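The values are calculated or read from the model by the stated rules, or taken from the named source; none is laboratory data. Owing to the predicted nature of the structure, the values given are computational and were not obtained by experimental measurement. So basically every Cβ, Gly included, is an ideal-geometry build from the backbone, and we count neighbours across all protein chains shown. Surface areas here come from the heavy atoms of the whole protein model, side chains and all, with no ligands, DNA or RNA. Shrake-Rupley method; radii C 1.70, N 1.55, O 1.52, S 1.80 Å.
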Amino acid sequence: MGENDRFPAPAYKQTVLAPLFDTVKRHHFLPMLAIDRAHAVMLHERHWLSRAEAGAILRGLAAIAAELDPAALTYTGEFEDLFFVIQDALAQRIGAEVAGKLHTGRSRNDQVATDFCLWLRETVLALESALA
């Protein structure tokens with residue numbers, strides 16, 4: 001099996017995935033964490049997470065926000081995208097079982113769409129402020 005037979009192929013990694021990862025880490029890291037925090041709170045309020053589980057998730061996300069420098073991240077192909085980098089960082093801090101519960105009741109596409117809307121809102125507000 002040659003290196004082009006494995007995902008991601010080097011050319012695809014270099015020309016598509018790495019630039020996309022750089023854009024996402026620059027603009028979407030904080031919105032992704034905000035969505036995760038809000039979802040954890042909702043899961044606890046709906047009694048799908050215990051207080052201890054929600055607390056562990058929220059503390060883990062706070063630690064990621066404080067300790068993980070998105071600018072220092074580079075795309076290696078180990079994880080498909082930043083979503084999985086954050087998921088892995090959370091699992092390392094609080095355990096895979098509890099970290100995995102964060103995604104109860106939502107798809108990754110739900111998170112991406114919400115993340116884009118949050119980024120777009122901030123961008124429009126910044127443009128509005130610059131024009132004012």
Exercise. When the residues of the range 45-57 are filtered to those that are assigned to a helix (DSSP H, G or I) and open to solvent by 60 Å² or more (accessible area, probe 1.4 Å), which remaining residue is farthest from residue 85 (Cα to Cα)?
Worked result: 45
For this session: Those residues that are open to solvent by less than 40 Å² (accessible area, probe 1.4 Å) and not in a loop (DSSP other than H, G, I, E, B), I need them from the range 66-89; list them, please.
Result: 70, 82, 83, 85, 86, 87, 89
For this session: Could you tell me whether the range 119-126 includes any residue that is touching a Ser or Thr at 6+ places or on another chain (Cβ under 9 Å), without any contact (Cβ under 8 Å) to a residue 12 or more places away in the chain, of a type outside the set (A, V, I, L, M, F, W, C) and assigned to a helix (DSSP H, G or I)?
Result: no
Exercise. What single numbered condition from (1) open to solvent by less than 80 Å² (accessible area, probe 1.4 Å); (2) closer than 20 Å to residue 28 by Cα fails to hold for residue 101?
Worked result: (2)
Problem set entry | Residue check, residue 37 open to solvent by 30 Å² or more (accessible area, probe 1.4 Å), in contact with a helix residue (DSSP H, G or I) (Cβ under 6 Å, 6 or more places away or on another chain) and part of a helix (DSSP H, G or I) | yes
